[in-house]
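Colleague: Handing you this structure, nothing more for now.
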Amino acid sequence: AQSVTQLDSQVPVFEEAPVELRCNYSSSVSVYLFWYVQYPNQGLQLLLKYLSGSTLVESINGFEAEFNKSQTSFHLRKPSVHISDTAEYFCAVSEGTGGFKTIFGAGTRLFVKA
Amino acid sequence: NAGVTQTPKFQVLKTGQSMTLQCAQDMNHEYMSWYRQDPGMGLRLIHYSVGAGITDQGEVPNGYNVSRSTTEDFPLRLLSAAPSQTSVYFCASSYLGLAGVGAYEQYFGPGTRLTVT
């Protein structure tokens, strides 16, 4: 069955340090992969997506994620975080076989400290 | 475009009451879905639809009904509210991607915060 595992529930990091938020999924077929961000008391916004093509995808605010099919992973990275990156980050997988479900992970709370 | 709209924003119900959460989108998206968000559990899929007249169950469908009579609307009905249904509910919509692969990115509504006492 399709599932998404976000390996860290909370990640504290100092400002300007690098960060990696890990995401693994279980699927043996082609999928679309997404990272969403939720700032406090707001809804979810798309951060970046992998649909096809290059396995490295980037967002406009410096995040990137790499699709690794052999390891079924889609980890999110940023080389230097800002206080404003403090938010909850959700990894999601959409699979077309069996009905086009989009399943989310439990979320990783990124806390950037000054 | 209004995008995805949800009503109401807040609702308090007593155990056993029923209600309908409304969701509408004006982007002509085929795919619509309902999620509930609970602390530490991410977003869990309740029901989804790939077009008018077609609905299917997600991860946590018990206690909820849906219907999709038009492309634009996808209401979620709570049949007999229970305290375990206290949550924030999000409606989302998207285009369908390649057959056999999946749906594209979700556009989310602002959410409905539901409390069942």
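The values are calculated or read from the model by the stated rules, or taken from the named source; none is laboratory data. Not measured: the values here are computed from a predicted model. Quick reminder, even Gly has a Cβ in these numbers, built from the backbone with ideal geometry, and neighbours come from all protein chains shown. All accessible areas refer to the heavy atoms of the entire protein, side chains included, with ligands and DNA or RNA removed. Shrake-Rupley method; radii C 1.70, N 1.55, O 1.52, S 1.80 Å.
Residue by residue, here is whether (1) under 26 Å from residue B:58 (Cα atoms); (2) open to solvent by less than 20 Å² (accessible area, probe 1.4 Å) holds:
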position	(1), (2)
A:55	no, no
A:78	no, yes
A:82	no, no
A:105	yes, yes
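Colleague: Please give the strands (runs of 3 or more DSSP E) falling wholly within the stretch B:8-108 in which 2 or more residues are under 26 Å from residue A:51 (Cβ atoms), at pLDDT 95 or above and open to solvent by 50 Å² or more (accessible area, probe 1.4 Å). It would help to see each step written out before you state the result.
Modeller: Numbers: elements: B:10-13, B:19-25, B:31-37, B:43-51, B:54-57, B:64-66, B:76-78, B:87-94.
Per the criteria, no element qualifies.
Colleague: Please report, ordered by residue number, the strands (runs of 3 or more DSSP E) entirely within the stretch A:48-99 with at least 3 residues that are within 13 Å of another protein chain (Cβ to nearest Cβ). Walk me through how you get there before you give the answer.
Modeller: On the way: elements: A:56-58, A:64-68, A:73-78, A:87-95.
The strands (runs of 3 or more DSSP E) meeting that bar are A:87-95.
Colleague: Turning to a different aspect of this structure: Quick one: what pairs do we get from the stretch A:1-22, first residue aromatic (Phe, Trp, Tyr), second open to solvent by less than 50 Å² (accessible area, probe 1.4 Å) and modelled with pLDDT of 95 or more, C-beta under 9 Å, 6+ apart or different chains?
Modeller: Correct list of pairs: A:14/A:81; A:14/A:112.
Colleague: So for the stretch A:57-75 (the condition being of a type in the set (Lys, Arg), under 13 Å from the mean Cα position of the chain (by Cα) and surrounded by fewer than 19 Cβ atoms within 10 Å (Cβ to Cβ)), does at least one residue qualify? If you could, list the steps in order and put the result at the bottom.
Modeller: Step one: list which residues in the stretch A:57-75 are of a type in the set (Lys, Arg), which gives A:69.
If we keep only those that are under 13 Å from the mean Cα position of the chain (by Cα) as well, we get none.
There is no residue in the stretch A:57-75 that is of a type in the set (Lys, Arg), under 13 Å from the mean Cα position of the chain (by Cα) and surrounded by fewer than 19 Cβ atoms within 10 Å (Cβ to Cβ).
Colleague: Checking residue A:42 against (1) within 22 Å of residue B:93 (Cβ to Cβ); (2) in contact (Cβ under 8 Å) with a residue 12 or more places away in the chain; (3) out of contact with any Gly (no Cβ under 7 Å at 6 or more places or on another chain); (4) not small (Gly, Ala, Ser), which test does it fail?
Modeller: (2)
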